[in-house]
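The values are calculated or read from the model by the stated rules, or taken from the named source; none is laboratory data. Given the structure is predicted, the values throughout are model-derived calculations rather than measurements. Note: ideal-geometry Cβ built from the backbone for every residue, glycine included; neighbour counts use all protein chains shown.
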Amino acid sequence: MAGNKTFTMLKPDAVENGYTGKILDMIIDAGFKIKAMKLTHLNEEQAKKFYEVHKDRPFYMELVEYMTSGPIVAAILEKENAVEDFRKLIGATDPAEAEEGTIRKYFAASKAKNAVHGSDSDENAEIECKFHFSDNEIVG
Ligand code: CMP
């Protein structure tokens, strides 16, 4: 059964610290299938657009600066109940509040440098997948 899709980014701190393989292992072990994946480096325009929803928040420019500070790994993941299950797997935005066994508990440094992104709804997952991938980069 195909399931639903969600979108993730392994953020610059996670990639820089060499956590890519360990985080992908946790994602695969939790039952997610990788449908698309790329190592890329966001420019300022891309980061501003991706996080446009946060443009009035005090941390917006810090977030844009951080997300453009180094390479990221972007991926589309598929699983039953993908959005909700992935958010459970990554844990709370603030790693101090993240539960044991979550990706952010193990790998996030702070609320800003929180290792990994996960879509917050099916609707946003679709927008975010399309933002980063064209149809021919996604496996069937
Ligand atoms: P994410 O859930 O991927 O998308 C929004 C991001 O904004 C979030 O991860 C954090 O990286 C960042 N963020 C949220 N709250 C704060 C904050 N208070 N200070 C700095 N960055 C934040």
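A36 passes all but one of (1) away from the ligand (no atom under 16 Å from the Cβ); (2) surrounded by fewer than 18 Cβ atoms within 10 Å (Cβ to Cβ); (3) among the small types (G, A, S); (4) touching a residue at least 12 places away in the same chain (Cβ under 8 Å); which number fails?
Among (1) away from the ligand (no atom under 16 Å from the Cβ); (2) surrounded by fewer than 18 Cβ atoms within 10 Å (Cβ to Cβ); (3) among the small types (G, A, S); (4) touching a residue at least 12 places away in the same chain (Cβ under 8 Å), the lone unmet condition for A36 is (2).
Restricted to the stretch 63-74, and to residues that are closer than 15 Å to Y19 by Cα and either out of contact with any Lys or Arg (no Cβ under 8 Å at 6 or more places or on another chain) or not aliphatic (A, V, I, L, M) (or both), which residue is farthest from the ligand (Cβ to nearest atom)?
Per the criteria, the residue is P71.
Pairs needed: first member in the stretch 91-110, under 18 Å from I28 (Cα atoms); second member anywhere, more than 13 Å from the ligand (Cβ to nearest atom) and assigned to a helix (DSSP H, G or I); C-beta distance under 6 Å; at least 6 residues apart or different chains.
Partner pairs satisfying both residue conditions: G91/K105; I103/I23; I103/M26.
What pairs come up if the first residue lies in the stretch 124-138 and is farther than 13 Å from T6 by Cα, the second is modelled with pLDDT of 95 or more, and their beta carbons are under 7 Å apart, counting only those six or more places apart or on different chains?
Between residues of the stretch 124-138 that are farther than 13 Å from T6 by Cα and residues that are modelled with pLDDT of 95 or more, the close pairs are E137/A36.
Every residue in the stretch 1-25 that is surrounded by 19 or more Cβ atoms within 10 Å (Cβ to Cβ) and not in a loop (DSSP other than H, G, I, E, B), please.
Answer for the stretch 1-25, where residues must be surrounded by 19 or more Cβ atoms within 10 Å (Cβ to Cβ) and not in a loop (DSSP other than H, G, I, E, B): K5, T6, F7, T8, M9, L10, P12, D13, A14, V15, I23.
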